[in-house]
Amino acid sequence: MPQLGKKLLISGNGRCNLLNDNISPANYNPAAKNLIKSAFSRFDKDSILDFFTSLGLEMHSVSDRVFPITNQSSSVLKLLEMELNRLGVEIQTGFDVTDCSSENGQFILKSKTGAAIESEKVIITGGGKTYPALGSDGNTYEMARRLGHSIIMPVPSAVPLTVKDPLCHFLQGQKIYSSARALIGGKIESEANGELLFTKYGLSGTAILDISEAISIAIHRGNLHDVVVSLDITPFMSGANLKNELGRRQKAGFDKKAFFTGLLPNKFNAALEPLAEGGDINKIVNALKDRRFKITGTRGWNEAEFTSGGININEVDEKTLESKLKKDVYFAGEVLDVGGQRGGYHLAWAWASGFIAGLAGAA
Ligand SMILES: Cc1cc2nc3c(=O)[nH]c(=O)nc-3n(C[C@H](O)[C@H](O)[C@H](O)COP(=O)(O)OP(=O)(O)OC[C@H]3O[C@@H](n4cnc5c(N)ncnc54)[C@H](O)[C@@H]3O)c2cc1C
């Protein structure tokens, strides 16, 4: 890329959620548990906070999510660039590495333009595959593959989902607090509460992004088709209470065109009017508490926040992040199959793994 940190700039909606107050292996790919434990035992949450504080970054937490006090990603990027300059680190932008080979203990990195750099050690930090226009398009997986590494098939994660259901089209633009469950082959694979957004192509919002990884893996990696999202759009009320409330509304003679007023945003009245007309309370409860959508796909790399999959962590030394297959090659960041939840965990991993690979590589 012509400049550093393009993805960092858009992170957290331009605010950069750079850390979470509660980091634990439970927030990452369960298969990476030992790697995560090892990395954060050496560069933990406090080390990350101290590091950024020492650069001059003031931070604040909002529901455990750590942001720069300026709420600007550019503050984080600028301070990192100033530190690189202070340390005299040579920066080469616009150097698109297409090949990494080794000869007589020296690595040769070749760029698209034919320019080459020699080095004794290499750290591969090419990121995942999301938002490829910002620089990380998965090409460094191929580099690792040529060095002998296996790649767990990358799939888009924290990604909106596509469905063919007239309700989504009708309610497009409507946001509502919901409880979402991913059912794969009839089994609940993940669950999340949060904002749901109806779109003309399907479902989005934080509740959907938070359950999307299991769905994306099933569809893209497992080629599974029995993938369903079940929505509870009245999670604030138990099924029994909802039944009572709906019965009360029927008895009180609520207008069928305005039957759900006060329970759901007004637009839902028109969408659910046929149910209100039908008058079957069990059917209505079911439609509000367990409305099912068959998932046809994901919105893909251009709309996903993270990559699930990447370089097989079993081939990487837990303590140093050095390749077990090729001496003097290290990895850090999203390029590894570490995954993670939304909430600052990916950048936390990028800082911790960058620190560890950098120190080990410099030793
Ligand atoms: C919309 C969005 C919002 C996000 N928000 C957050 C958030 O708030 N909090 C959070 O924790 N995470 C967030 N993430 C995820 C987070 O940004 C990434 O996990 C993180 O940036 C990964 O860091 P990285 O250094 O491993 O990779 P990247 O940041 O992707 O950097 C990889 C770099 O490698 C360069 N590169 C790739 N291939 C080559 C090559 N062949 N030659 C030379 N250079 C190459 C790229 O140009 C890029 O500069 C968000 C992601 C997206 C897409």
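The values are calculated or read from the model by the stated rules, or taken from the named source; none is laboratory data. Given the structure is predicted, the values throughout are model-derived calculations rather than measurements. Cβ placement follows ideal geometry from the backbone for every residue including glycine, while neighbour counts extend to all protein chains displayed. Ligands, DNA and RNA are excluded from the accessible area calculation, which covers all protein heavy atoms including side chains. Shrake-Rupley method; radii C 1.70, N 1.55, O 1.52, S 1.80 Å.
Quick notes on this one:
- Taking 32 Å as the limit for the C-alpha separation, the pairs K129/K200; K164/K243; K112/K200; K187/K327 exceed it in the case of K112/K200; K187/K327.
- Stretching the chain fully between Q3 and N286 yields a gain of 96.7 nm (0.36 nm per residue, less the alpha carbon separation).
- Under the convention that each Lys and Arg Cβ holds +1 and each Asp and Glu Cβ holds -1, the size of the dipole of the chain around its Cα centre is about 1240 debye.
- Placing pseudo-labels 7 Å out from each Cα toward the beta carbon at Y177 and S111 gives an inter-label distance of 5.1 nm.
- As a calculated quantity, the FRET efficiency between K327 and T53 at R0 = 45 Å, using C-beta atoms, amounts to about 0.80.
- A31-T70 FRET efficiency (beta carbon distance; Förster radius 35 Å; 0.05 resolution): 0.45
- Between the stretch 316-363 and the stretch 24-52, the alpha-carbon center distance in angstrom: 10
- Normalised size of the stretch 161-298, defined as Cα radius of gyration per 2.2 N^0.38 Å with N residues, equals 1.07.
- Counting Cα-Cα pairs of the stretch 239-281 in 10 Å increments starting at 0 gives whole-percent bin shares of 31, 62, 7.
- For the chain, the mean residue ellipticity at 222 nm estimated from helices alone is -9000 deg cm²/dmol, where every DSSP H run of n ≥ 4 contributes -39500 (n - 2.57) and the total is divided by all residues, rounded to the nearest 500.
- Charge dipole of the chain about the Cα centre (unit charges at C-beta), most positive-ward option of I184, S308, F51: I184
- Label-to-label distance, nm, for residues given as E273 and A252 (7 Å Cα→Cβ offset): 2.1
- Stretched out straight at 0.36 nm per residue, the stretch from E103 to S190 would grow longer than its current Cα-Cα span by 26.6 nm.
- Equivalent ellipsoid dimensions for the chain as semi-axes, Å, which come from the Cα gyration tensor, largest first: 46, 21, 18
- Accessible surface, per residue, of the stretch 161-298 when the full set of protein chains is kept, probe 1.4 Å, Å²: 48
- Spatial separation of Cα centroids for the stretch 201-271 and the stretch 118-162, in angstrom: 36
- Per atom type, the stretch 145-245 shows carbon and sulfur on 53% of its accessible surface, probed at 1.4 Å.
- Label positions at D44 and K294, each projected 7 Å from the Cα along the C-beta direction, are separated by 5.0 nm.
- Using heavy atoms of the protein chains and a probe of 1.4 Å, the accessible area assigned to D280 is about 70 Å².
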